[in-house]
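The values are calculated or read from the model by the stated rules, or taken from the named source; none is laboratory data. Just so you know, these numbers come straight off a predicted model, no measurement behind them. Cβ sites come from the backbone with ideal geometry, for glycine too, and all protein chains shown count toward neighbours.
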């Protein structure tokens, strides 16, 4: 199960990096749609990048995995809330829902629940 967790960690980290670095213009539009400030967007983006970096470091230092995976899961749950709040179509919900599930899987493996 550890190998699947490592794959999930890399997928989460690369997904976050891709969205927050290469698709930042889309992030700006979404945060405006949600009515959130630039400061909140900067805090969320910095947090996601730092936490995903810890997930990658967790490949070599497994003690780092649990808290970042749970915090990213919380951020993805928050993303789900805002997608529902503005009545986005389901295809907008899917990326954050997929990352939420992956983060919960990573946390479960870290806790040795599965």
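Would you check if residue 27 is under 24 Å from residue 59 (Cα atoms), at pLDDT 95 or above, within 15 Å of the chain's Cα centre (by Cα) and surrounded by fewer than 17 Cβ atoms within 10 Å (Cβ to Cβ)? Against the criterion (under 24 Å from residue 59 (Cα atoms), at pLDDT 95 or above, within 15 Å of the chain's Cα centre (by Cα) and surrounded by fewer than 17 Cβ atoms within 10 Å (Cβ to Cβ)), residue 27 does not qualify. A residue that is at negative phi, touching a residue at least 40 places away in the same chain (Cβ under 8 Å) and part of a helix (DSSP H, G or I) can be found somewhere in the stretch 16-26. With respect to the conditions (1) more than 19 Å from residue 113 (Cβ to Cβ); (2) in a helix (DSSP H, G or I); (3) at pLDDT 95 or above, residue 92 falls short on a single one, namely (3).
The rows are residues; the columns are (1) surrounded by fewer than 17 Cβ atoms within 10 Å (Cβ to Cβ); (2) closer than 15 Å to residue 98 by Cα.
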{"site": "3", "(1), (2)": "yes, no"}
{"site": "6", "(1), (2)": "no, no"}
{"site": "13", "(1), (2)": "no, yes"}
{"site": "59", "(1), (2)": "yes, no"}
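Residues being free of Cβ contacts under 8 Å to residues at least 40 places away in the same chain and not in a helix (DSSP H, G or I) are entirely absent from the stretch 62-85. The residue list 99, 113, 71 contains one member that is under 17 Å from residue 50 (Cα atoms), at pLDDT 95 or above and surrounded by fewer than 20 Cβ atoms within 10 Å (Cβ to Cβ), which is 71.
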